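Reading through the structure tokens given below for one structure.
None of the figures in this text is laboratory data; all of them are computed from the coordinates on show. It should be emphasised that the depicted structure is a prediction, and the values quoted were computed from it without experimental measurement. Neighbour counts run over all protein chains shown; Cβ positions are idealised from the backbone, glycine included.
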Amino acid sequence: MPDKQFNTAGPSRPEDHYMLNPLARVDVDDVLALIEAKRYFVLHAPRQTGKTTVLLALMEHLNAQGRYRALYANIETAQAARGNVERGVGAACEAIAMSASIYLNDRRLDEWLAQHSRSTHAESLLTRLLAHWSQLDPARPAVLLLDEVDALVGDTLISLLRQIRAGYAQRPQAFPQTVVLCGVRDVRDYRIHSGGGDIITGGSAFNIKAESLRLGNFSREETVALWRQHTEATGQVFDEAIWPELWQDTQGQPWLVNALAHECTWKDKALRLNRAQPVTLAHYWAARERLIQSRATHLDQLTDKLREPRVHRVIAPLLAGGQALWDPLPSIDDVEYVEDTGLVALRPQMRAANRIYARLIEQVLGRDVQAPSPTA
Ligand SMILES: Nc1ncnc2c1ncn2[C@@H]1O[C@H](COP(=O)(O)OP(=O)(O)O)[C@@H](O)[C@H]1O
Ligand SMILES: [Mg+2]
């Protein structure tokens, strides 16, 4: 069997990738209690934190238990529709129906959509689809895990949230027992700009949310344990001096932890072809430089974020040495937006979230920034 790899693209799968148990990253008992209590809630975290991996594992776990019918659906394709409700809601419904046939081998949602999508208003299509799905098997209530919800914007997002709210009172017989909304932002923070320039907050279109769970980074122990899976599988050892560096560089940010490991164990061909050769600190440093220069998609997307004026405005005081002297004060909206990118940590004092992001900010904005201290 070929070696597993450290994953740098998309959700992790146990058969292909070294990985930590995704269900240990959220409090599964808490999640089950929320489902039991028929709550709707939000799971959010910056990009590349492992949200999709957690949702897929949760779907499998729930379906294996057999009490619920859980379905994961990624509604990112609705993004292209922007504020066009007809197309946006249609795309979201199609994504849900397609997921049911892929993951649950259930084509009945596809069939229902084919029959009803033309004769039903977009404003109620999602409510009716979910009602139909929920009624198919009264003995096993439906649980919907919706991913990339904040890819939707404007009226499309409002309509989606309203349609979920519209069916809420009929749960669990005629609507999902639980809907989990997953994305980078908390629904509370969805600032939806309606056509007239007014701002409707997501919370007001979706005032049934019980709770939001934020997925965090790996701990130090988890970070090292993940890398050691490679040693267990191949015998190739890492110099212990790497661990403190790795922690400062990543603070456990899941994609960074994997990408650095992938550089060391796979992209470094000499190390890949000779597993008897230990990975030294010098190898690690070279791998880190390659990663930073590579402008991998994730780093590239963060670079784009840094160029947005509202992000720049919040981060600029970092460049002045970490004393958060904002003048004028940015809006809370902008501060939360920047915090949700994961680029910076605002507490206890404002600083780059990790040493690699500090380097990125330096590169893009052109000055030194405060990184976490070695003891942090
Ligand atoms: N359980 C895990 N164990 C190890 N690495 C993980 C795990 N979950 C996610 N990752 C890392 O995070 C990356 C992004 O995972 P993904 O689930 O797509 O995150 P998100 O949906 O938050 O963007 C993966 O490519 C992998 O590097
Ligand atoms: Mg994802």
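Structure summary
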quantity: The chain, relative contact order [Cα under 8 Å, separation at least 6], %; calculated: 17
quantity: Region 251-367 - Rg and Dmax from Cα coordinates, angstrom; calculated: 16.6, 57
quantity: Kirkwood Rh in Å, taken over all unlike Cα pairs in the chain; calculated: 22.3
quantity: Fewest-first ranking of C264, C182, using other Cβ atoms within 10 Å as the exposure measure; calculated: C182, C264
quantity: At 0.692 mPa s and 37 °C, Stokes diffusion of region 297-365 via Kirkwood alpha-carbon radius, µm² per second; calculated: 276
quantity: For region 237-248, 3J(HN,Hα) per residue [Karplus equation, 6.51 cos²θ - 1.76 cosθ + 1.60, θ = phi - 60°, Hz, x = Gly/Pro]; calculated: 9, 10, 4, 4, 5, 5, 4, x, 5, 4, 5, 5
quantity: Residues with amide H under 5 Å from that of T178, placed H, sequence gap 5 or more; calculated: L144
quantity: Against the rule of thumb 2.2 N^0.38 Å, how large the Cα Rg of region 1-92 comes out; calculated: 1.29
quantity: Convex hull per residue volume in Å³, alpha carbons only, for region 22-214; calculated: 106
quantity: Listed residues I75, I164, I292, most fluctuating in the chain (Gaussian network, C-alpha, under 10 Å); calculated: I292
quantity: Cα centre as origin, Lys/Arg/Asp/Glu Cβ charges: the chain dipole, Debye; calculated: 320
quantity: Long pairs among K51/K269; K38/K305; K51/K305, criterion Cα-Cα beyond 29 Å; calculated: K51/K269; K38/K305
quantity: Region 220-294: equivalent-ellipsoid semi-axes (sqrt of 5 x gyration tensor eigenvalues, Cα, Å); calculated: 17, 15, 11
quantity: Ranked packing of 86-96, 3-13, most packed first, by mean Cβ within 10 Å; calculated: 86-96, 3-13
quantity: 3J(HN,Hα) from dihedral phi, region 6-15, Karplus parametrisation 6.51/-1.76/1.60, rounded to Hz, x for glycine, proline; calculated: 7, 7, 10, 9, x, x, 7, 10, x, 7
quantity: Highest-fluctuation residue, D186, D29, D150 considered, GNM on the chain with Cα pairs under 10 Å; calculated: D29
quantity: Within a Gaussian network of the chain (alpha carbon springs, distance under 10 Å), most fluctuating of E222, E15, E289; calculated: E15
quantity: Relative contact order computed over region 297-365 (Cα-Cα under 8 Å; 6+ residues apart), in percent; calculated: 33
quantity: Residues whose placed amide H lies under 5 Å from that of A70, excluding near-sequence neighbours; calculated: N63, V143
quantity: Proxy reagent accessibility, fewest Cβ within 10 Å first, across H61, H230; calculated: H61, H230
quantity: Dimensions in Å of region 60-159 - Rg and Dmax from alpha carbons; calculated: 13.3, 39
quantity: Virtual paramagnetic centre 7 Å along Cα→Cβ of S219, amide N under 19 Å, in region 40-62; calculated: 50
quantity: Which of Q170, I242, F218, positive extreme of dipole for the chain (C-beta unit charges); calculated: Q170
